[in-house]
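Worksheet: the structure to be examined is printed underneath.
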Amino acid sequence: MLHRETMDTTVVPPGERFGMWLDLVASTSAPMRIRSTHADDFAARADFFDLGPIQVVKYHYPSLDATRTSKLIRQSDPGLYMLALTTDGVGTSSQDGRRSEIRAGEFTFYDGSRPHDVGHHATEPEQGHATSVIAMIPHAALPLPPERMAALFGGRMSGSEGIGALLAQFLLQISGHPEQYHAADAGRLGAVGLDLTTTMLGRHLVAEDAVPTEVRRRALVTQVQAYVHRHVGDPALSPRVVADVHHISLRSLHRLFEAEETTVASYIRDLRLARCRRDLTDPALRTQPVQVIAARWGFPDKAHFSRVFRAAYGTSPQAYRESTSDPARIVNQPASLVNSPPAD
């Protein structure tokens, strides 16, 4: 499981919760001044995930407003960009003369080394909470020209289409289901997040030429893989379909995967087989025919499925299901032979 550090104010009495939150903010590398109409009972939680090149923070709190002043910057300036995804409530972001209102499903981007104001308010101020996921990115880690980044500060970007949607899904998945990943995956996951962030920001700058080629390649690979995962059950899914959807030639798609130690066709096939193998061992699906499971994951032809499954796993789908779903019968079978009376 990914390492997570959590701060939950509900562990102390209501009257002490806002003070606890202020202490947390004051102890961070980029402290801010916080104001809230819920200071009498500030029930809030923050989950921190260190992903190597970036840090991801998932926030859940009552409505608040925050300011980072020049004085606070002089006291502590770690050199961080902030990319914030609003997931519930309405946010505001203001920096360098630009101010934006951020709705759920949208990003805002700002520089922690410059004065800025941010706010986040629940849609039901008296009862609800506001939630967000923030990626904190060191200046030196973002491979884009620093002098061009100011054009994005305090603005808003979509988290529901294109690379933005993929990045939003990535941040929500990591922060919402850390148990699905190993601690050893943290650095690689951070690199994926950084590639997606770089590509999204580069596109909003209309400066894809400023995004390093390898970063663009890795981000596009991630985008292609995510598309395959979403459509793997479609029997029509093929390298040609994937290439057309992503507006690249089939040859470019194959070149894209040269560094992945697999081909696009193999990636699709292996993912389909993995989904079938998982379902074949699921007790809840034990009564479903093998062919129904195969068809669900893009193998409409029974004979073809049997051939590729045997080639991958060395046994037929039915035999694999029996070997994993009825271990007691298999274990006990030799015992019945050992205990049989000797033949006359």
Exercise for review: All but one of (1) in contact with a Phe, Trp or Tyr (Cβ under 8 Å, 6 or more places away or on another chain); (2) open to solvent by less than 60 Å² (accessible area, probe 1.4 Å); (3) closer than 16 Å to Arg218 by Cα hold for Arg272, so report the exception by its number.
Suggested key: (3)
Review point. So which helices (runs of 4 or more DSSP H) stay within the range 269-339 end to end and still have 3 or more residues that are at pLDDT 90 or above and among the β-branched types (Val, Ile, Thr)?
Key: 290-296
Review point. When residues of the range 148-179 are filtered for being in contact with a helix residue (DSSP H, G or I) (Cβ under 9 Å, 6 or more places away or on another chain), touching a residue at least 60 places away in the same chain (Cβ under 8 Å) and either surrounded by fewer than 22 Cβ atoms within 10 Å (Cβ to Cβ) or not in a helix (DSSP H, G or I) (or both), how many remain?
Key: 5
Check your understanding: Can you name every residue in the range 180-224 that is open to solvent by 10 Å² or more (accessible area, probe 1.4 Å), at pLDDT 80 or above, touching a Leu at 6+ places or on another chain (Cβ under 8 Å) and part of a helix (DSSP H, G or I)?
Key -> Ala183, Asp185, Ala186, Gly187, Leu189, Leu194, His204, Arg217, Leu220, Thr222, Gln223
Study note, to complete from the structure: Matching residues in the range 277-324 (over 19 Å from Ala265 (Cα atoms) and either of a type in the set (Asp, Glu) or in contact with a His (Cβ under 9 Å, 6 or more places away or on another chain) (or both)) number 3
Revision key, fill the gap. If you go through Arg33, Arg74, the only one that is touching a residue at least 12 places away in the same chain (Cβ under 8 Å), open to solvent by 20 Å² or more (accessible area, probe 1.4 Å) and over 19 Å from Thr6 (Cα atoms) is Arg33
Practice item. Within the range 131-147, work out how many residues are open to solvent by 20 Å² or more (accessible area, probe 1.4 Å) and assigned to a loop (DSSP other than H, G, I, E, B). Key: 2
Check your understanding: Hey, does the range 218-232 have a residue that's closer than 26 Å to His116 by Cβ and touching a Gly at 6+ places or on another chain (Cβ under 8 Å)?
Key -> no
Practice item. Identify the single condition in (1) under 30 Å from His182 (Cβ atoms); (2) of a type outside the set (Lys, Arg); (3) surrounded by fewer than 17 Cβ atoms within 10 Å (Cβ to Cβ); (4) touching a strand residue (DSSP E or B) at 6+ places or on another chain (Cβ under 9 Å) that Asp65 does not satisfy, given that it satisfies every other one. Key: (1)
**Study point:** Number of the condition not met by Gly52 [criteria: (1) touching a Gly at 6+ places or on another chain (Cβ under 6 Å); (2) under 25 Å from Gly154 (Cα atoms)]
**Key:** (2)
Check your understanding: If we keep just the residues of the range 238-261 that are assigned to a loop (DSSP other than H, G, I, E, B) and touching a Phe, Trp or Tyr at 6+ places or on another chain (Cβ under 9 Å), which is modelled with the lowest pLDDT?
Key -> His246
Study note, to complete from the structure: Restricting attention to the range 38-58, the residues that are of a type in the set (Phe, Trp, Tyr) and either surrounded by fewer than 16 Cβ atoms within 10 Å (Cβ to Cβ) or over 23 Å from Arg188 (Cα atoms) (or both) number exactly 1
**Study point:** Whichever residue in the range 77-109 is of a type in the set (A, V, I, L, M, F, W, C) and over 13 Å from Gly155 (Cβ atoms) and, among such residues, is least open to solvent (accessible area, probe 1.4 Å)
**Key:** Leu85
Point to revise | Residue among Met32, Met82 that alone is under 20 Å from Gly112 (Cα atoms) and within 20 Å of the chain's Cα centre (by Cα) | key: Met82
Study note, to complete from the structure: Residue hits (the range 112-127; open to solvent by 20 Å² or more (accessible area, probe 1.4 Å) and outside any strand (DSSP E or B)) are Ser113, Arg114, Pro115, Thr123, Glu124, Pro125, Glu126, Gln127
Review point. Among the β-branched types (Val, Ile, Thr), farther than 30 Å from Tyr181 by Cβ and at pLDDT below 95 - does that describe any residue in the range 36-48?
Key: yes
Check your understanding: Of all residues in the range 1-16 being part of a helix (DSSP H, G or I) and within 30 Å of the chain's Cα centre (by Cα), which is farthest from Ala130 (Cα to Cα)?
Key -> Val11
Study note, to complete from the structure: Going through the range 277-310 in order, the residues found to be farther than 18 Å from Asp234 by Cβ and aromatic (Phe, Trp, Tyr) are Phe309
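The values are calculated or read from the model by the stated rules, or taken from the named source; none is laboratory data. On a predicted model such as this, the values are computed, not experimentally measured, just so you know. Reconstructed Cβ throughout: ideal geometry from the backbone, glycine too, with neighbour counts over all protein chains shown. Ligands, DNA and RNA are stripped out before the accessible areas are found, and what is left, the full protein with its side chains, is counted by its heavy atoms. Shrake-Rupley method; radii C 1.70, N 1.55, O 1.52, S 1.80 Å.
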